[in-house]
Each structure stands twice: as C-alpha cells, then as structure tokens.
1. Between the alpha-carbon centers of the stretch A:174-189 and the stretch B:105-124, tell me the distance in whole angstrom.
2. Please compute the Cα-Cα pair-distance distribution of chain B with 5 Å bins starting at 0, giving whole percents from short to long.
3. Roughly what angle does helix B:42-54 make with the longest principal axis of chain B, taking Cα atoms, 0 to 90 degrees, to the nearest 10?
4. For chain B, modelled as a Gaussian network with Cα springs under 10 Å, which listed residue fluctuates most, B:244, B:186, B:123?
5. Over chain A, with a Gaussian network built from C-alpha contacts below 10 Å, which listed residue (A:177, A:234, A:104) shows the highest mean-square fluctuation?
6. When Cβ neighbours within 10 Å are restricted to other protein chains, what is their mean count per residue of peptide B:43-52?
7. May I ask you to report, in nm to one decimal and beginning with the shortest, the distances from residue A:239 to the same position in the other copies, taking label points 7 Å along Cα-to-Cβ?
8. Would you mind listing the distances between the residue A:6 label point and the same position in each other copy? Use 7 Å along Cα-to-C-beta, nm, one decimal, shortest first.
C-alpha cells in the first residue's frame with residue numbers, strides 16, 4: 001500500500017472516491033491527521049456529542065459537521081460519503097452491511113463526527129525513537145475491552161476500549177511525555193503495567209486487532225482507543241449509524257502537529 | 001463582600017440558595033473555579049453544544065448537564081436553579097426578567113451549560129506579579145464586541161466578545177504564557193496591541209463592564225470572553241434561555257489548577 005504514502009490528502013481521497021483504493025489507510029498521506037468516523041441521525045447527535053465532551057480521551061473530536069453537511073472544514077473538496085475506503089452500516093447495534101460508498105443511505109439529518117486516531121501519536125513515538133512492534137510486524141494494534149467506565153450521556157455509555165503497545169521500561173516515561181503532547185488524539189496513557197487491574201485477563205486474546213509479544217524488559221502501555229465510541233454505539237442499540245470500517249479512516253488536510 | 005472569600009464552595013452556594021447573598025461572586029470561595037451558565041431547552045442544546053465545540057476559546061466547557069439534571073458533577077449537593085446569586089431570563093433574545101431563583105421556570109428538558117470564566121487565570125496572573133487594574137479599582141473588566149467571527153452552529157453565530165486588560169509591555173509575553181496554561185478558561189490572548197484591527201474603535205467605550213486607563217508603558221491585551229455565548233444566544237433570538245446575571249457566577253468544587 002506504500003505508493004499512497006507520498007500522496008496529498010485530496011489525491012488520496014479521490015482514489016478512494018473512485019473505488020480504486022479499498023484497503024486500510026495506515027501510512028496513507030503520511031504527515032496528515034486521519035480520523036475515525038461516526039454518523040448518526042440528528043435525534044441521537046446531542047447525546048453522542050455530549051458523550052464525546054464527557055469522554056475526551058477515547059473520543060477526541062477533530063470536527064463535527066452540521067446536519068446534512070458532507071464536506072468537512074478539515075478537508076475542503078472532500079465528501080465523507082465517498083472518501084473513505086470502507087464503511088459499516090449498523091441497525092439497532094447490529095452490523096448489517098459493509099460498503100465502499102454511502103450515498104444511497106445519506107439523509108439530510110445525518111450528523112458526522114470525526115474523531116482523532118492514534119496514528120498521529122504513533123508517528124511521534126517512532127520519531128522519538130520508540131519502536132512500535134505492531135508497525136514493525138505490519139499488524140493491527142491490539143485492542144481490549146476494560147472495566148474502566150466511560151461517563152454516560154443519554155443512551156451512550158459503557159466501558160473504555162484501549163489499545164496496547166509494549167514499551168521498554170526505560171522508554172515508558174518518554175512515551176508518556178510524547179503522547180501527552182497530543183491531547184487531540186487520546187493523549188497520555190490511561191494505564192501502565194498491570195492489565196488485570198483494568199479488567200484485561202489475557203493479553204494474548206485482544207477483542208480487536210492482533211496480539212503482539214511483550215518482552216521481559218518491556219511493560220504493556222495502554223491508551224484510550226477510538227474504537228470506544230463505535231463500541232458504545234453498538235451497546236446502545238441506536239436505531240441507525242454508519243462508521244468507518246476498522247483501519248479505514250478519513251484522511252484530513254490537517255497536519256500532525 | 002469579602003467575608004465570602006474564605007468560604008467553602010458548598011457553604012457559599014447555600015448562602016445564595018437561602019437568598020442571603022445576591023451580589024457579584026468575584027473573590028467568593030477564592031481558590032475554586034467559577035462558571036458562566038447557559039440553560040436552553042433540549043431542542044436547541046445540540047446546536048449550542050456544537051457552537052461551544054467549534055469555539056473553545058470563548059466557550060470553554062466546564063460541564064454540560066443531562067436534560068433535566070440540576071446537580072452538577074462539579075458541585076455535589078449543588079442545585080443550579082437556586083445556587084447562583086442572580087439569573088436572567090430571555091425570550092426570543094429579549095431580557096424579560098432578572099430573578100434570584102429559577103425553580104418556577106424549570107422544565108425537564110432544560111440542558112445546563114457551565115462555561116469557564118476568566119477569574120481562574122486572573123488569579124494566576126496576579127500570583128505571577130502582573131497587576132490587574134480593574135481588580136485594583138474594584139471595577140468590572142472592560143468587554144468589547146469585535147469583528148472576529150465565531151464559527152456558526154445552527155442558529156448560533158456572531159462575532160466574539162473580548163475582555164481587555166492593560167499589561168506593561170515587558171510583562172506581555174509572561175501574561176501570554178501564564179494565561180495559555182489555562183485552556184479550560186479562554187487560554188492565551190486572541191489579540192495584543194491594536195484594537196482597531198479587531199473592530200474596536202474606542203477603548204473608553206466598552207460594550208460591557210467598565211473602562212480603565214491604559215498607561216504609556218502598557219499594551220491593551222484582549223482575551224476571548226465568556227460573555228460571547230450569551231451575546232450569541234441573544235442574537236439568535238432563541239425562544240427561551242436562562243443565563244447567570246453578569247458577574248454572578250456558579251461556584252464549583254473544582255480548584256483553579
């Protein structure tokens with residue numbers, strides 16, 4: 001997929017729009033912020049916006065579009081109905097379809113939420129000399145359900161989902177400092193070192209993504225994860241919502257830092 | 001009013017609730033965060049929450065309550081219907097009543113927004129050796145309408161209101177650094193030095209609050225002001241809203257920093 005790394009964000013979005021690119025966006029248009037996406041009818045949008053406001057670590061808002069708006073401020077010329085490589089359509093919390101284009105579903109009362117994703121601070125961690133095993137092994141990051149409750153807002157509530165990256169003990173403090181500089185994308189870790197204390201029984205069995213080994217000189221470090229809002233929307237059995245497909249984000253024109 | 005300075009926030013709120021205190025809250029329960037307040041029916045709450053999300057400098061959210069909720073998370077035991085020294089009731093953008101208690105108006109669909117106020121960073125500025133003329137002279141801070149547009153959300157839009165404090169030229173950089181540490185209460189200044197460039201014609205004629213002199217060795221420094229959301233709600237002619245009376249804030253249990 002690496003021919004997309006040097007693309008401009010708008011060129012990459014057009015590639016998705018034409019249907020020529022349907023893969024994961026990791027590494028695409030590399031210095032630009034990518035975002036998780038959630039689309040809800042306006043009647044659910046206040047509760048969801050309030051959920052994000054109350055839970056900024058798992059749900060850092062990049063932008064919220066007006067009802068019916070399809071061109072984000074953060075991506076002039078873009079169209080959130082066509083410019084992601086894949087979408088998931090949910091009814092009453094059940095995945096009913098996976099598609100490459102949502103124009104046929106679009107309604108004027110749909111509100112789009114763009115939510116920060118960890119690709120931004122992963123760049124900074126690697127640039128700071130902290131290697132990331134899942135990137136080296138070209139896997140998805142490992143993600144786990146926890147017992148850390150989110151603050152509820154209306155129908156939206158549930159426990160936080162976290163991503164885990166093994167970090168050498170001597171690098172942990174620096175990993176905290178570097179990621180803490182990115183509050184718009186989950187910020188500093190929510191837990192370090194004892195998975196059982198946040199309700200994770202077995203690191204080899206992530207609920208989402210792929211497991212990676214943890215070496216003897218490393219600690220597991222856990223960050224709030226942008227899968228949380230999607231998981232919470234499923235739990236709520238909200239009548240209708242559309243999200244990005246896992247790993248297939250919206251590429252914005254905003255630079256990482 | 002200075003007997004209230006050493007009070008605990010809940011003792012001060014009870015004093016307001018009993019009707020014994022109806023003055024401005026400057027200096028009350030001194031180390032605790034005070035908040036501007038806006039109450040709107042749920043049908044307008046999404047647009048207003050979106051306005052705050054899009055304009056965090058003038059509208060830094062401290063907390064948004066659930067529809068019908070009267071006890072904030074940031075003030076256990078508190079009641080936003082009785083614990084402010086004064087309230088203003090607006091209909092279609094017109095001030096129709098000023099009261100000390102809003103229980104008779106309360107409805108289950110009312111959503112309360114608590115918005116950061118500049119008292120928090122003023123403490124820090126003074127602690128940092130930067131004197132504030134309006135505090136020394138026991139006046140209200142001077143506030144001005146500008147030509148700086150806020151980002152619109154639904155019915156809510158308009159230009160930013162700013163507060164102005166004269167700062168010695170040699171202290172301006174430090175005033176920026178200190179206030180920049182308080183993003184939850186307006187953060188760093190939005191403009192320094194040339195009022196005419198942001199649409200202010202005459203510093204001696206503030207739209208709200210009281211004018212103060214600017215000495216030859218000082219610059220006028222402008223911060224985004226929490227009066228902005230109230231001004232924007234008036235402009236929108238929203239059918240019904242309730243705000244705090246000017247200078248009569250809600251005192252929370254949260255410490256300044």
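1. Here the two parts' Cα centres lie 28 Å apart.
2. That works out to 1, 6, 14, 18, 20, 17, 13, 7, 3, 1, 0, in percent per bin.
3. It is inclined by approximately 20 degrees.
4. B:123
5. A:104
6. That works out to 4 on average.
7. Ordered by increasing distance: 2.1 nm.
8. Ordered by distance, the counterparts are at 7.1 nm.
Readers should treat all values here as calculations from the given coordinates under stated rules, not as data from a laboratory. Not measured: the values here are computed from a predicted model. Every residue, glycine among them, receives a Cβ derived from its backbone with ideal geometry; neighbour counts consider all protein chains shown.
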